[in-house]
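Heads up, the thing below is written out as structure tokens.
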Amino acid sequence: MQPLNLIFAGTPDFAAVHLQALLDSPHRVIAVYSQPDRPAGRGKKLLASPVKQLALEHGIPVYQPQSLRDASAQAELAALEADAMVVVAYGLILPQAVLDTPRLGCVNVHASLLPRWRGAAPIQRAIEAGDAESGVAIMQMEAGLDTGPVLVERRCAIAPGDTGGNLHDKLAQLGGPALLDALAQLADDTAEPRAQDEAGANYAGKISKDEARIDWQRPAAELERQIRAFNPFPVCWTSYQDKKGPQRLRIHGAQVEHGGRDDAPGTLLAADDEGLLVACGSGALRLKSLQLPGKKALPAAEILKGYRALFAPGTRLGQ
């Protein structure tokens, strides 16, 4: 295989794992594109993305245009004369002029079994929907949103306890070797791209913080999947009352309990060392790991030691 000169475009940790895989390979990363630095933390200081930090550690030039629709930004990219561009969770749309620039085109690492979940949040949406498996797809990019033909696919099971966080980590580890396989195929002209079946396409919309509020009218099984999917971000929550008024209780872990009681959804059925048992639209949910405002996440049993009066059976959550 002839090593390729590559442009890498990505921003978060998931992308940085793939950049590292390329740095450990025979290929040459000649430039990195990443989102502009963003304010972060209490001081709102500008913070470089994980991809930018890794690139700078290896002395790779970093480009951070606000857009790639600008003619000067496109000319700057074309001047790099890359064989291919690898895009992983970059966050900017690549116009057709950019897609057409590298000799072998642009390839994308997408964290789902395309076309199952196209869009911004495939990992979370797969867990939320109750999918039995997920995976990564290495796709030849075209103008549509995640519609391009698939070069390489790798699958993994979604375990019953998987959260958005640990499924993210599993897929990141699958993605690097899959990307290197796809690049080898492109370099050797042996790639056999597979067109996506439009009938199986779903859109994995970006997750809003508003979605994280628990609706106790829903079945317990759906809520348990939502709690896992939204961990570690944005983390599901419900409200409870203390002397200051409504407060937010974040839920980091829960399990489904099947019962036949007819209590109103959101009613606390029990509060003990096993957790807070809450009535749902069908079944009940036992909240196991919780976080009070300004505190760290703790087992429910630990929280009850100091706040048992707030969570007495019969109390309604989410009011």
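A short reminder: the numbers here are calculations on the coordinates, not readings from a lab. Small disclaimer: the values here were computed from a predicted structure and weren't measured. Methodologically, a virtual Cβ is constructed for each residue, glycine included, from the backbone with ideal geometry; neighbour enumeration extends over all protein chains shown.
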Inset, instruction - At 25 °C and 0.890 mPa s, grab the translational diffusion coefficient of the stretch 120-235 from Stokes-Einstein with a Kirkwood Rh over Cα pairs, rounded to a whole number in µm² per second. - result: 157
Legend entry - Positive minus negative residues near residue 234 (Lys, Arg vs Asp, Glu; Cβ under 12 Å): +3
Legend entry - Around residue 159: net Lys/Arg minus Asp/Glu count, Cβ-Cβ under 11 Å: 0
Legend entry - Selected from 122, 35, 249, residue furthest toward positive end of dipole (the chain; charges at beta carbon): 249
Inset, instruction - Before rounding to the nearest 500, sum -39500 (n - 2.57) across all DSSP H runs of length at least 4 in the chain and divide by the residue total; then give [θ] at 222 nm in deg cm²/dmol. - result: -7500 deg cm²/dmol
Legend entry - Euclidean distance of C-alpha centroids, the stretch 164-205 and the stretch 91-135, integer Å: 8
Legend entry - Alpha-carbon centroids, the stretch 259-288 and the stretch 51-78: separation in whole Å: 51
Legend entry - Proportion of all alpha-carbon pairs of the stretch 209-311 beyond 23 Å (%): 18
Legend entry - Neighbour-count ranking [beta-carbon atoms within 10 angstrom, fewest first] of 1, 85: 1, 85
Inset, instruction - Could you list, in their original order, any pairs among 52/209; 206/305; 206/244; 44/295; 52/288; 45/296 whose Cα atoms are separated by more than 31 Å? - result: 206/305; 206/244; 52/288
